[in-house]
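The values are calculated or read from the model by the stated rules, or taken from the named source; none is laboratory data. Bear in mind that the values here come from a model prediction, so they are computed numbers and not experimental data. Cβ sites come from the backbone with ideal geometry, for glycine too, and all protein chains shown count toward neighbours.
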Amino acid sequence: MLLTGLFLFSVSLLAQESFMVKTETRYWDHNRTYAGYTLFGTRGTTYLIDFEGHVIHTWALGTNPRFTEAGTLLDAVGGNPSNQNQWKELDWSGNVKWQYTESRSNYHGHHDFAKIYNTKLGDSTFIFIANKDLTAQQCLDAGCDAQYDYTGSQMDAIVEVNRAGTVIWEWWFFDHVVQDMYPAKPTYGVIANTPGRINLNIRGNHVKSDWLHCNSLDYNQDKDLIVLNSVHGEFYVVDHGNTFVANDPVASIALAATTAGDFKYRFGDPAKYNQGDPPSVEDNWEKATAGNKQIGGAHDIQWIRPGLPGEGHFMIFSNAENLFELTPQSYIIEINPFLNSAGVNTGNFVNPPDAGYNQVNSPDANLMKEKKYISKQTVWMFSSKNNTSFYSTIGSSTQRLPNGNTLICSMNDGHFFEIAPTDTAILWEYINPMTRDGIKKIKTDHYPTYNGVFRVYRYAADCPALAGHDLTPGPTMTGDPPDYWTPDDITAVQETGGSATAPSDQLNQNYPNPFSVGTTIEFDLVQAADASVVIYDLSGSYVKTLVKKYCIEGNYSLYWDGTNDKGTRVASGMYFYILTADNRKLSKKMIYNK
């Protein structure tokens with residue numbers, strides 16, 4: 001059954017519809033979001049923030065960071081996902097706990113990597129994507145079309161190393177190719193009958209440097225499988241467990257190069273193995289079709305983790321490049337690879353063309369989209385109602401959360417948001433303020449990725465990397481106090497008639513003021529609320545949180561002794577304190593003289 005999520009909260013997701021956009025937290029429905037902290041890397045620094053945008057912690061790496069089950073931060077060194085040959089694991093304090101450098105000149109690491117638990121070794125290992133060099137003669141000997149020059153050609157490999165940095169397994173596309181031009185060569189075969197191998201002579205895309213441009217991978221520990229995504233519109237499942245020989249790297253690499261290493265499943269563009277129609281311009285050249293192609297320019301392929309809604313399914317961020325849509329937009333797609341044409345879960349991989357397609361028409365004529373053929377294995381899709389609201393040409397990520405919500409990162413605009421599973425309402429929205437020109441409170445019109453973020457992850461407070469550490473909120477990245485919409489801002493109706501005034505919260509002036517030793521701050525709540533009182537200096541930098549908890553209605557009194565969260569006396573000067581009670585905010589100024 002095809003489920004589509006084409007509805008978005010109409011007031012939110014305006015980040016790509018305006019030339020000037022306020023950065024940091026823009027909206028938060030704290031009752032429906034998945035509680036935790038958000039992790040992302042930008043401009044060489046990794047940030048851990050809370051929902052309001054307060055910085056909890058930073059690390060001096062920031063390319064494609066993620067936490068490991070061991071409680072470390074794992075990332076590439078250098079800041080460029082497209083080119084990386086060194087990776088590090090850091091502890092909370094930034095100390096290096098493990099690192100690996102790919103020093104072989106014919107391997108070129110890029111984009112994605114993972115720390116996995118190798119069940120056959122009983123130990124953790126590290127896998128990464130690398131373009132591996134080919135000579136022109138290797139290409140010709142394999143059966144590449146002789147009319148082209150193959151100097152500088154490459155094909156992606158997956159490399160696995162152990163804790164000692166020794167290569168213990170490798171899988172390479174070049175070992176799993178097929179061609180139908182040269183019958184005398186061992187790679188010869190009927191393309192349509194060989195979906196487990198990739199065609200060397202794909203029309204219009206001959207083998208060259210960074211031929212497949214794989215940008216993401218994931219590991220399924222239960223099944224001991226790896227999935228690998230190519231930006232050109234396909235992802236591939238390969239067998240790790242049955243091609244790995246413990247403590248024998250030579251045998252492992254040799255076994256992975258045999259038919260045992262052929263694709264167990266592929267999804268995205270069946271025309272590449274002659275089992276579907278490619279995208280094309282129609283007879284009326286003002287119209288086009290995506291054919292049977294399902295994804296394009298996609299990123300962040302993953303298995304939905306055990307215990308989460310949709311567990312065992314694939315999920316991917318389809319940037320929707322090269323799909324021939326007149327008005328392109330990005331999609332999040334969830335795929336059940338075990339469904340057959342009757343919609344029955346077979347428990348085994350089913351070739352997508354065998355499962356068939358549903359014809360889906362555009363939900364609105366103003367989208368200016370032609371009908372599409374969506375794989376029957378697609379069980380959920382999400383896109384914005386307005387196709388200009390959510391689109392990223394490159395990068396980007398998605399994550400299924402334990403409460404069923406989905407976290408999304410749109411790289412082009414450094415745009416993060418969390419959506420609900422059924423009504424797909426926006427529950428949290430954030431714009432990365434770190435740009436090529438430093439931190440900006442307002443993002444103006446720039447070329448894509450001016451404030452780009454490759455991926456974003458959400459972690460609960462009890463995850464191993466956070467448990468036991470100080471998670472006290474610091475200032476926001478811009479230094480401004482949080483200022484964002486809440487559900488009441490969107491759904492509330494303002495009365496235009498009558499003179500009655502509803503009771504409101506009250507924040508009193510501190511006393512004494514000015515003060516030199518300490519001062520008292522009082523406030524009144526007219527109804528129970530999650531409340532906080534936070535102190536900032538005149539520049540907007542965070543100083544201290546006096547209270548942050550659920551408060552019943554009534555009067556409250558707080559005392560501030562002129563110290564920051566570290567217990568150090570602050571400098572003399574003007575400060576302001578903000579009372580936040582759910583979506584209601586009040587602030588006042590005070591003067592501290594030592």
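Of note:
- Qualifying positions in segment 142-172 - outside any strand (DSSP E or B) and either within 14 Å of N201 (Cβ to Cβ) or among the β-branched types (V, I, T) (or both): A142, G143, C144, D145, A146, Q147, Y148, Y150, T151, S153, T166
One line per residue, one yes/no per condition, for (1) part of a strand (DSSP E or B); (2) surrounded by 15 or more Cβ atoms within 10 Å (Cβ to Cβ):
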{"site": "S504", "(1), (2)": "no, no"}
{"site": "V517", "(1), (2)": "no, no"}
{"site": "D524", "(1), (2)": "yes, yes"}
{"site": "D530", "(1), (2)": "yes, no"}
{"site": "V533", "(1), (2)": "yes, yes"}
{"site": "Y536", "(1), (2)": "yes, yes"}
{"site": "K544", "(1), (2)": "yes, yes"}
{"site": "K549", "(1), (2)": "yes, no"}
{"site": "S557", "(1), (2)": "yes, no"}
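- When residues of segment 232-284 are limited to those that are of a type in the set (A, V, I, L, M), touching a strand residue (DSSP E or B) at 6+ places or on another chain (Cβ under 8 Å) and in the same structural domain as I158 (by TED's automatic domain parsing), the one surrounded by the most Cβ atoms within 10 Å (Cβ to Cβ): A256
- Segment 47-73, subset surrounded by fewer than 22 Cβ atoms within 10 Å (Cβ to Cβ) and of a type in the set (A, V, I, L, M), residue nearest to K115 (Cα to Cα): A70
- Filtered by the rule that a residue be under 29 Å from A136 (Cβ atoms) and basic (K, R), segment 190-232 gives R197, R203, K208.
- Some residue of segment 306-325 being over 23 Å from the mean Cα position of the chain (by Cα) and not assigned by TED's automatic domain parsing to the domain that holds Y188: yes
- Residues that are within 21 Å of Y511 (Cα to Cα) and not small (G, A, S), drawn from segment 549-564: N555, Y556, L558, Y559, W560, D561, T563, N564
- Checking each residue in segment 103-137 for being in a loop (DSSP other than H, G, I, E, B) and over 26 Å from T151 (Cβ atoms) picks out T119, K120, L121, G122.
- D180 vs. criteria out of contact with any Leu (no Cβ under 6 Å at 6 or more places or on another chain) and either modelled with pLDDT of 95 or more or not polar (S, T, N, Q) (or both): yes
- Segment 323-379, residues that are of a type in the set (A, V, I, L, M, F, W, C) and at pLDDT 95 or above: I332, I333, I335, F338, L339, A342, V344, F349, V350, A355, I374, V379
- Residue ID - modelled with the highest pLDDT, chosen from residues in segment 407-422 that are within 20 Å of H313 (Cα to Cα) and out of contact with any Ser or Thr (no Cβ under 6 Å at 6 or more places or on another chain): L407
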